[in-house]
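Notes to accompany the following structure.
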Amino acid sequence: MQSPLKRKFRERFFAAAVSTIAALSSLLLIAIVFFIFQESLPVWSNVGVLKFLSGANWRPVVVPPELGIAPMLVSTMWVALGALVIAAPLGFGCAIFMAEFAPAWLAAVIRPVLNMLTGIPSVVYGFLGAAVLVKFFEVTFDLASGESLFAASLVLAIMVLPFIVSNSEVALRAVPDEYRYAGLSLGVSKPYFVLHILVPMARRGMLGAMVLGFGRAMGETMAVLMLAGNTLLVPTSWFSKGEPLPALIALELGSATPGTPHYQALFAAGLVLLVLVIMVNLLMNIFLRRVQSGVNKF
Amino acid sequence: MMNTVELKNFSTWYGQALVLQDINISFCNHSITAIVGPSGCGKTTLLRSINRTAELERDFTCQGEIQVFETRIYEAKEISAIRRRVGMVYQIPVALPLSIRENVLFGPRYYGVNKRSQLDNIVENCLRKVALWDEVKHRLNQSADKLSGGQKQRLAMARVLAVEPQVLLLDEPCSSLDPASTRLIEELLEELSRELCIIIVTHNLPQARRIARETVFMLDGKVVEYGPTAALFADPKNEKTRGFVSGLYG
Amino acid sequence: MIKRNLGDRILVSFFWISGLFILLVLVAILAYLIWRGGAFINIDFLLGSPEGYPLGSEGGILPAIKGTLWLILLALIFSIIPGLATAVYLSEYGRNKRLTEAVNVLVQSMMGIPSIVVGLFVYALCVVRLGWGISLLAGGVALGLMVFPVIVVSSRNALLAVDDNYRLVARALGVSESYIFWRVILPRAVPGILAGILLALGYAAGATAPIMVTATAIIASSSGVLLEPVMALPYHLYILFNEHMSLDNAYATALVLVLMLVFINALALWLHSIQERNNA
């Protein structure tokens, strides 16, 4: 039997250790943001936020350097929005299927499959996209090279699909059964009920799922690196080539000498990406919080 | 008296569990029948079987036959047509996430009514039938969430009446309501029973005595006794019924 | 009415198609990789070193497998203890609602950080400032940072899923909170926590972006020296394809990587189902 004093001391120690580690760990995010900000500081003061974001030329090693990330920013948005346009209808369809129409056994098969799909590394998606999809475009449409924002969007859509499906399904299942009974016992068909009652009730959660997918698509590196074509021009259509921010950083970081404007500008680009993604995440938090207090409110 | 709803050797299961066992019963038109019994005796499942919403639960299976106005409902192809003819109001008042007006019109719009004058008529008629018209006529386009529990329950009834059912099923419609709302709904049911066959599941024995012409007592998935309400309460034929109505269990 | 029926049919078909599409995607990926890469996987491939000219166009992937294992190991060493401590704080000690909420939001946001940004941070801090250079150690730190929020969230959920009644019952016996935690709560949450760690492990094994800027080289021996660059499976796949070294080896490498991750994920799912059964 331990002495009570010793036990009490041990418990205090454990609590203090856990709290300290938790506090330090949660400061990590702030540390990352701050550190990247600090590395990129000269860019903000020398070039200016607006000029950096809207500049159409990226010539980081000429003297004086031209540092504008507009082409990459546009590519990032275009690729991610494109992915969403493809993935959202399919994802919502699949979520509705699993929540309302699929036989129980089939839903039980699809759920782990979604997990497997999220487990496949992005480099494999990128590789398959480049080796199969891009080849297919080249052969079918007789192109010199089949890489494009569209190809990247297509592969990103497959990658974010599981996230959209599983989060939307949660939102749909959160609608209490009473609404199903009340709606269906009026003699309307199931699809009618789904479209007119269920989806409107779950729409916040489904929007949240979409926003989550958007954030994922924006920050994804390997697929866009291997598929988007990597040119520094402002894309003019979905079928242009482009170089989204993550690809820019991955390609140029190794060759940028620390302390040069090139190096600093890559950190500025990283900060822009980070701020975009964090904003998207906060937006989703707001959506999801509303869902939690929303659906069961009635 | 014409039999409107008739169950013949009807049994149901959830998975392996037998919920209703060999039910034989017929319900009369233009009257209120109450189903009473302890929790878990299968009365709600019986009710839900009659408009084919019991099968929305997992692993529901059934055997035997239910006829509604001579239609064998478990042989019908169009489930939604059956549900339309047999309306149901649930224990928890549910306002669909629409305006008050659109709640009432949810069914009619689906069935293709789209003339404005016709729609207006349906809204006013149905809300008048459930005595809600005067309370809400100036705010028909507001969200139905804002109504009180009693109002929501009457709105649910109006919503069901709007699809012109022949049978109205109610599953403990007053259990979450205050006495005043309960009283109001009971009056409405007596009024509606002139046109409809009404079957109500209730936990509240005084309520059954007040409004039901006939009462069914169920226990463990079987019908134990069925007869005129007054007789069933005053002079039960079965020992178990006697125990239940005198409050021994329930 | 006929129009409505037709509309309903089209909708329901669309729901079915999108559901089955998901299955098709996984089956297609696996089948295609097995078809193109299956024949090239053998003992020599798994246990051989890159050969040929350019180096890697022939031969095996052993250094890449070794490098990936080293990277995972370091990532877990760096992330498990802080991750678990944070999870325990959130589930057991978080009495200060505001603070818990803040930690939750921060961790949740960390989960959303693009992996390339984590790489960028570690590159500036470890590779450049601390002078480690492109190294196994820097890659381990990057992957550790990346999986840390995954471990926090899954362990927190596993701990919170334990029935509150245990806490209630145990408290009534007059024992302390931490005694309850060690004797009752933690054991019930172990499968869920392990599932989360496996998930993190798989996530780290497949990540490419953060290690390609901090840890990897095209050819390295990957013998576990902390301050040397390593090879890693996902990066090796990228190089094989991008530098047009060998498409056959690329398919084989992709297949190895996918099979490994599908296995890890299946294991995690199985543990997760145990956790759910425990706390049903």
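The values are calculated or read from the model by the stated rules, or taken from the named source; none is laboratory data. All values reported here derive from a predicted model rather than from experimental measurement. Quick reminder, even Gly has a Cβ in these numbers, built from the backbone with ideal geometry, and neighbours come from all protein chains shown.
Out of C:16, C:35, one residue alone is more than 30 Å from the chain's Cα centre (by Cα) and either more than 15 Å from residue B:80 (Cβ to Cβ) or crowded, with 18+ Cβ neighbours inside 10 Å (or both). It is C:16. Taking the conditions exactly as written (closer than 26 Å to residue B:40 by Cα and free of Cβ contacts under 8 Å to residues at least 40 places away in the same chain), does residue B:171 satisfy them or not? No; evaluated as a whole, the condition is false for this residue.
Scanning segment C:121-133 for residues being under 22 Å from residue C:219 (Cα atoms), surrounded by 22 or more Cβ atoms within 10 Å (Cβ to Cβ) and aliphatic (A, V, I, L, M) gives a total of 2. Within segment C:251-264, residues that are at the interface with chain A (Cβ under 9 Å from one of its Cβ atoms) reach partners that are part of a helix (DSSP H, G or I) and basic (Lys, Arg) with beta carbons closer than 7 Å, at six or more positions or on different chains, in the pairs C:251/C:36.
Looking at segment B:70-83, which of its residues are of a type in the set (Lys, Arg) and touching a helix residue (DSSP H, G or I) at 6+ places or on another chain (Cβ under 7 Å)? Reasoning before the result, please.
Going through segment B:70-83, the residues of a type in the set (Lys, Arg) turn out to be B:72, B:77, B:83.
Correct list: B:83 only.
Among the residues making up segment B:86-96, those that are within 7 Å of chain A (Cβ to nearest Cβ) and in a loop (DSSP other than H, G, I, E, B) are B:90, B:92, B:94, B:95, B:96.
Table: residues versus (1) surrounded by fewer than 19 Cβ atoms within 10 Å (Cβ to Cβ); (2) out of contact with any strand residue (DSSP E or B) (no Cβ under 9 Å at 6 or more places or on another chain); (3) at pLDDT 90 or above.
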site: A:80; (1), (2), (3): no, yes, yes
site: A:83; (1), (2), (3): no, yes, yes
site: A:102; (1), (2), (3): no, yes, yes
site: A:106; (1), (2), (3): yes, yes, yes
site: A:113; (1), (2), (3): yes, yes, yes
site: A:123; (1), (2), (3): no, yes, yes
site: A:127; (1), (2), (3): no, yes, yes
site: A:139; (1), (2), (3): yes, yes, no
site: A:145; (1), (2), (3): yes, no, no
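Scanning segment C:125-173 for residues that are among the aliphatic types (A, V, I, L, M), in contact (Cβ under 8 Å) with a residue 12 or more places away in the chain and either outside any helix (DSSP H, G or I) or touching a Lys or Arg at 6+ places or on another chain (Cβ under 7 Å) (or both) returns C:134, C:161, C:162.
Here's the yes/no breakdown for (1) in contact (Cβ under 8 Å) with a residue 24 or more places away in the chain; (2) hydroxyl-bearing (Ser, Thr, Tyr):
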{"site": "A:166", "(1), (2)": "yes, yes"}
{"site": "A:177", "(1), (2)": "no, no"}
{"site": "A:190", "(1), (2)": "yes, no"}
{"site": "A:197", "(1), (2)": "no, no"}
{"site": "A:208", "(1), (2)": "yes, no"}
{"site": "A:221", "(1), (2)": "yes, yes"}
{"site": "A:228", "(1), (2)": "yes, no"}
{"site": "A:233", "(1), (2)": "yes, no"}
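The set of residues in segment B:97-131 being of a type in the set (S, T, N, Q) and more than 10 Å from chain A (Cβ to nearest Cβ) consists of B:99, B:114, B:117, B:118, B:121, B:125. If you check C:147, C:141, C:152 for being within 18 Å of the chain's Cα centre (by Cα), closer than 30 Å to residue A:269 by Cα, within 9 Å of another protein chain (Cβ to nearest Cβ) and of a type outside the set (Phe, Trp, Tyr), only one passes: C:152. Restricted to segment C:174-233, the set of helices (runs of 4 or more DSSP H) holding at least 1 residues that are surrounded by fewer than 23 Cβ atoms within 10 Å (Cβ to Cβ) and either modelled with pLDDT of 90 or more or outside the structural domain of residue C:270 (by TED's automatic domain parsing) (or both) comprises C:186-206.
Close contacts from segment C:103-117, counting a first residue that is within 7 Å of chain A (Cβ to nearest Cβ) and buried (at least 18 other Cβ atoms within 10 Å of the Cβ) and a second that is assigned to a helix (DSSP H, G or I) and of a type in the set (Phe, Trp, Tyr), with Cβ to Cβ under 8 Å and a gap of 6+ residues or different chains, come to C:103/C:89; C:110/C:148.
Answer yes or no: is there a residue in segment A:97-111 that is more than 11 Å from chain C (Cβ to nearest Cβ) and assigned to a helix (DSSP H, G or I). Steps first, answer last, please.
First, the residues of segment A:97-111 that are more than 11 Å from chain C (Cβ to nearest Cβ): A:104-105.
The next check asks that each one be assigned to a helix (DSSP H, G or I); those that pass are A:104-105.
For segment A:97-111, residues more than 11 Å from chain C (Cβ to nearest Cβ) and assigned to a helix (DSSP H, G or I): present.
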